[in-house]
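Read the structure below first, then the notes.
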Amino acid sequence: MKGPDRPATRKRRKLLWPALALPGTLWLILLFVLPMYVVFAIVFGQVDPIFRTPLPVWNPVQWNTVQFTDVFRHIVGSQGYFGPALLRTAIFVASASVICLLIAYPVAYYTARLARHHRNLLLALLIAPFWISYMMRMLAWVNLLQNDGLVNKTLGLGVFSVHVDWLNGRSIVVILGLVYGYVPYMILPLYAGLDRLQPNILEAARDLGAGRFDTFRRVTLPLSRPAIVASVLLTCLPMLGDYFTNDLLSGQPRTSMVGNLINNTVLTPGQTGQAGAFVLLVLVVSLVPMIWYVRSSRSEGLAS
């Protein structure tokens, strides 16, 4: 029989969860909130007229929106030279995300539902790309796509001389590079979501007369929708700020993305504030689907 719940015990229980959350809260403040405030201070700050270095303004009352509005003024219109890169980023990220999903879902489905005794081996192979740096994997692509690389030799069947300049500003090469670099980030969340599906639900669908395809279409696919959304978000959000892939596989302005704009403006004296404005723009674009996902997940949790 339980004893009385003393006030001291209730107080300790009340303080338990805030105490457990304190390290993570401090981590977010130090590594996210404070750096983001520095970005705001630079974007809405001043520029040294002589050395062209940023002069952060820490008091929000004194913030100046000149640099921020200057970026938006050059997104659309006759002087919208930033607009094509932003539109190109959306197209590249959307295309790469769709291709990643088409590749990742069958692999995750097979690993989670059909692999059986080979599951551990497949999981090790899926995790293996994370052991190699992103730069090294992209450099491997550069070697493959050079004029005398393996791709051109394969197209020439070892007999004909093929000299396709793959690394000279081709959009499809950048998109496939994004797919190659980020598809592992999509496979693992999909595997986790598919692996959590209750086998008895699928067996019930089969017992009610549904075939394999109908079971997948009516049961597996709807139940795996949260994992699909989470994996797409986890993949496309880092793609939005990617600049390294384009630099290595293209290096041409006609394939530049918003990440390249950020990198170039950071390296240009006097344009650090514009780089911060692009960062805030990417942040806003990223927050919208994240907030939608959190709200939809919460609604599904309450409904269930």
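The values are calculated or read from the model by the stated rules, or taken from the named source; none is laboratory data. Values in this document were obtained by computation on a predicted structure and should not be read as measured data. Cβ atoms come from the backbone with ideal geometry, glycine included; neighbour counts cover every protein chain shown. Just so you know, the surface numbers come from the protein's heavy atoms only, side chains and all, with ligands and any DNA or RNA stripped out. Shrake-Rupley method; radii C 1.70, N 1.55, O 1.52, S 1.80 Å.
So if I check each of ILE91, ILE132, which one is open to solvent by 80 Å² or more (accessible area, probe 1.4 Å) and under 15 Å from the mean Cα position of the chain (by Cα)?
Just one listed residue meets the conditions, ILE91.
Run down VAL98, VAL173 and say which single residue is over 30 Å from ARG196 (Cα atoms) and of a type in the set (A, V, I, L, M).
VAL173
Limited to region 48-88, what total is found for residues that are part of a loop (DSSP other than H, G, I, E, B), surrounded by 13 or more Cβ atoms within 10 Å (Cβ to Cβ) and more than 27 Å from the chain's Cα centre (by Cα)?
The total comes to 4.
Anything in region 111-129 that is touching a residue at least 40 places away in the same chain (Cβ under 8 Å), surrounded by 14 or more Cβ atoms within 10 Å (Cβ to Cβ) and either in contact with a Pro (Cβ under 6 Å, 6 or more places away or on another chain) or not small (Gly, Ala, Ser) (or both)? List them, or say none.
THR111, ARG113, LEU123, LEU126, PRO129
So THR272 fits all but one of (1) under 30 Å from GLN146 (Cα atoms); (2) in contact with a strand residue (DSSP E or B) (Cβ under 6 Å, 6 or more places away or on another chain); what number is the exception?
Result: THR272 fails condition (1) only.
Which of the residues that make up region 61-110 are under 30 Å from TYR185 (Cα atoms), among the aromatic types (Phe, Trp, Tyr) and touching a residue at least 40 places away in the same chain (Cβ under 8 Å)?
Residues satisfying the conditions are PHE82, PHE92, TYR105, TYR109.
Any idea which of (1) loosely packed, with under 14 Cβ neighbours inside 10 Å; (2) in contact with a Leu (Cβ under 7 Å, 6 or more places away or on another chain) is the one TRP166 doesn't satisfy?
That leaves (1) as the condition not met.
Counting just the residues of region 241-252 that are open to solvent by less than 30 Å² (accessible area, probe 1.4 Å) and part of a helix (DSSP H, G or I), which one comes out farthest from ALA96 (Cα to Cα)?
At the first step, the residues of region 241-252 found to be open to solvent by less than 30 Å² (accessible area, probe 1.4 Å) are 242, 245-246, 249-250.
After this cut, where a residue has to be part of a helix (DSSP H, G or I) as well, the list is 245-246, 249.
On the way: THR245: 12, ASN246: 13, LEU249: 15 Å.
The extreme case among them is LEU249.
Name the one entry in ASN263, ASN246 that is farther than 30 Å from ARG119 by Cα, touching an Asp or Glu at 6+ places or on another chain (Cβ under 9 Å) and at pLDDT 85 or above.
Going through ASN263, ASN246 in turn, the sole match is ASN263.
Taking region 190-215, which residues are open to solvent by 60 Å² or more (accessible area, probe 1.4 Å) and either among the hydrophobic types (A, V, I, L, M, F, W, C) or closer than 19 Å to VAL107 by Cβ (or both)?
ASP195, ARG196, ILE201, LEU208, ARG212, PHE213
Before we move on, is PRO226 over 28 Å from TRP141 (Cβ atoms), out of contact with any helix residue (DSSP H, G or I) (no Cβ under 9 Å at 6 or more places or on another chain) and open to solvent by 30 Å² or more (accessible area, probe 1.4 Å)?
Considered against the rule, which asks whether it is over 28 Å from TRP141 (Cβ atoms), out of contact with any helix residue (DSSP H, G or I) (no Cβ under 9 Å at 6 or more places or on another chain) and open to solvent by 30 Å² or more (accessible area, probe 1.4 Å), PRO226 comes out as no.
Can you name every residue in region 200-238 that is of a type in the set (Lys, Arg) and either assigned to a loop (DSSP other than H, G, I, E, B) or farther than 24 Å from MET290 by Cα (or both)?
Answer for region 200-238, where residues must be of a type in the set (Lys, Arg) and either assigned to a loop (DSSP other than H, G, I, E, B) or farther than 24 Å from MET290 by Cα (or both): ARG206, ARG212, ARG217, ARG218.
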